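The values are calculated or read from the model by the stated rules, or taken from the named source; none is laboratory data. This one's a predicted model, so the numbers in the text were calculated from it and none came from an experiment. Every residue, glycine as well, gets a Cβ built from its backbone with ideal geometry; the counts of neighbours run over all protein chains shown. What goes into the accessible areas is simple: the full protein's heavy atoms, side chains included, and nothing from ligands, DNA or RNA. Shrake-Rupley method; radii C 1.70, N 1.55, O 1.52, S 1.80 Å.
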Amino acid sequence: MTTPTARLHLLLPLLALSAVPTAHAWQAEPKRCQLAQLATLPVRYTGPDLNLTIEGQIDGTPADMLIDTGSNGTILTRTATERRALPLRPTDGRAYGIGGAARIYSAQIKEFKAGPAAITNSRVRVLGDFGTAPSFEAILGAPFLLQSDLEISLATKEIKFFKPTNCDSAHLAYWDENAVEIPFRWNSSRQANPEFKVLLNGKEVTAVIDSGASITVMTRRAAEKAGLNMNAPDVARAGEAGGIGTKRIARWNATLDKLQIGRETIINADVGVIDTNDLDVDLLLGADFLRSHRVMFAMSQKKLYFTYVGGDALGQRRRIEPWLQQEADAGNGDAQMMVASMHRSGHGTPPDMAQALVWLDKAAASGNPRANLVVGQRLMKERRYTEAVVRLRQALDSMPGERSGALMLYTARMHNKDTELARRELASAFTHDLDEWPGPIADFYLGKLDEGKLLKLAREESAHALRRACQARFAIAERHRFTGDAEQANRVLDEALECRQGPKEAS
């Protein structure tokens, strides 16, 4: 799950949308209102959470850009800068999200294009830290997306930008004269993405539409206000949520008896609950809501229009939904990877390892980087290091910010006695964050730390001390294996019996 970025401020210069000539301009009231269409951009599902993205360009090369109305800023990610080998300069800035704080860097770019908007020869901000390396290369936040009227139609997989003229009192939902209308409620702390009121089991709370969130979630405070008990038997723990920053927080699946949004009422609404009260609003209506609704942010009128268009009004992926299967069948490697994961875990479908492997292989063949990471890790366990190198290199070419994969690739190359290339790649992968975990493991492999210092650093953060100590011991054992000292490797592992089941993925 990708959880939206709370309090991420504007970090790129605002990209001004300009009117693009179009053969048709809809007239709500012929002599009074004209709604000129500025641009139409196709939407794609990309990444491990099937985020909503458009294809833009950075320095003349294609870039996946997250459509994130829940973000108060527009910013690059390290996936973009590392893919293009752009040097980073530290800044004093910080971005804040559900995962905590993230460092802000800056990079010089020649051109940044998103739809009809562009900036050139600018130094832009770069978001440093995610719980996992993002597949997208930029976040297009509310200041960019909502500088004009915005329509989101996932049924047709497109977003449209409009410029209204003389339309103050017109009905702008041109596709449905009965569309629901909700007035925005402006909050000084969230000026970019307007709030509105909804009812959770009859209790009034604040909400926003957050296209950067894969599913709809509410804060624990809002859930309790609505009368939900997170300790009740019918409230299922659903793992953890993350986003900007490296922390992970608890998440549950819950069912609301009634969710009322304007004139629409959703009965037995599946909604995620996240264990935080730090968001500026109570409810984030995510991509699941957008798939079942056609929505217009009428910024010119300070109101929201939407129409239910079919399907699950809110879905927590408790089954393989038709849209997901269609994406997988159409060859979307990211969707294929999600289908594989659901078959493997039994989430949304009965567990079926045979089907999981079928879809995993399809995803890897489609170039899905995480599928190639999984296959590469499997080949490592089978000691098929040459084949593992090919898979891991393919994955890292698509996800250069994936630190755990970089460590695996180093290990595979070292087992293949390709020492110089292994060291060169590892040093390049950890250029900017050797002081952050798992950076010390890379430092250790490169001879900059000894065993004692590595284990000391692993234990410094109590919340992750056991996991990181295990990772450190496996790294120490691996280095002994590189030198042919299997006895020393086994000694290290014997000192930490809790690690014998294998290392957990690095945070």
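A few points about this structure:
Residues checked against (1) part of a helix (DSSP H, G or I); (2) open to solvent by 50 Å² or more (accessible area, probe 1.4 Å); (3) more than 22 Å from Gly128 (Cβ to Cβ):
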residue: Ser428; (1), (2), (3): yes, yes, no
residue: Thr431; (1), (2), (3): no, yes, no
residue: Asp443; (1), (2), (3): yes, no, no
residue: Lys448; (1), (2), (3): no, yes, no
residue: Lys453; (1), (2), (3): yes, yes, yes
residue: Lys456; (1), (2), (3): yes, yes, yes
residue: Ala465; (1), (2), (3): yes, no, yes
residue: Cys470; (1), (2), (3): yes, no, yes
residue: Glu478; (1), (2), (3): yes, no, yes
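- Residue match in the range 488-498 (condition: at pLDDT 95 or above and β-branched (Val, Ile, Thr)): no
- Wholly enclosed helices (runs of 4 or more DSSP H) of the range 282-345 bearing at least 1 residues of a type in the set (Asp, Glu), in contact with a strand residue (DSSP E or B) (Cβ under 7 Å, 6 or more places away or on another chain) and more than 29 Å from Asp176 (Cβ to Cβ): 333-345
- Cross-chain or 6+ apart pairs with Cβ under 9 Å, the range 211-229 first and under 28 Å from Pro48 (Cα atoms) and in a loop (DSSP other than H, G, I, E, B), then hydroxyl-bearing (Ser, Thr, Tyr) and modelled with pLDDT of 90 or more: Ser211/Thr69; Gly212/Thr69
- Subset of the range 258-308 that is basic (Lys, Arg) and more than 20 Å from the chain's Cα centre (by Cα) - its residue that is most open to solvent (accessible area, probe 1.4 Å): Arg263
- If you go through the range 328-348 and keep only what is within 24 Å of Ile266 (Cβ to Cβ) and surrounded by fewer than 21 Cβ atoms within 10 Å (Cβ to Cβ), you end up with His347, Gly348.
- Meets criteria (out of contact with any Asp or Glu (no Cβ under 9 Å at 6 or more places or on another chain), small (Gly, Ala, Ser) and in a strand (DSSP E or B)) for Gly367: no
- Flag if Asp361 is crowded, with 19+ Cβ neighbours inside 10 Å, assigned to a helix (DSSP H, G or I) and among the acidic types (Asp, Glu): no
- Scanning the range 85-126 for residues that are assigned to a loop (DSSP other than H, G, I, E, B), surrounded by fewer than 18 Cβ atoms within 10 Å (Cβ to Cβ) and modelled with pLDDT of 90 or more returns a single hit, Pro87.
- Single condition Gln394 does not satisfy, out of (1) within 20 Å of Ala340 (Cβ to Cβ); (2) at pLDDT 95 or above: (2)
- For the range 398-426, a residue qualifies if it is free of Cβ contacts under 8 Å to residues at least 24 places away in the same chain, open to solvent by 30 Å² or more (accessible area, probe 1.4 Å) and part of a helix (DSSP H, G or I), and the qualifying residues are Thr419, Glu420, Leu421, Arg423, Arg424, Glu425.
- Lone unmet requirement of (1) crowded, with 18+ Cβ neighbours inside 10 Å; (2) within 23 Å of the chain's Cα centre (by Cα); (3) farther than 30 Å from Arg103 by Cβ; (4) modelled with pLDDT under 95 for Met218: (3)
- For the range 384-396, the count of residues that are surrounded by fewer than 17 Cβ atoms within 10 Å (Cβ to Cβ) and either of a type in the set (A, V, I, L, M) or not in a helix (DSSP H, G or I) (or both) is nonzero.
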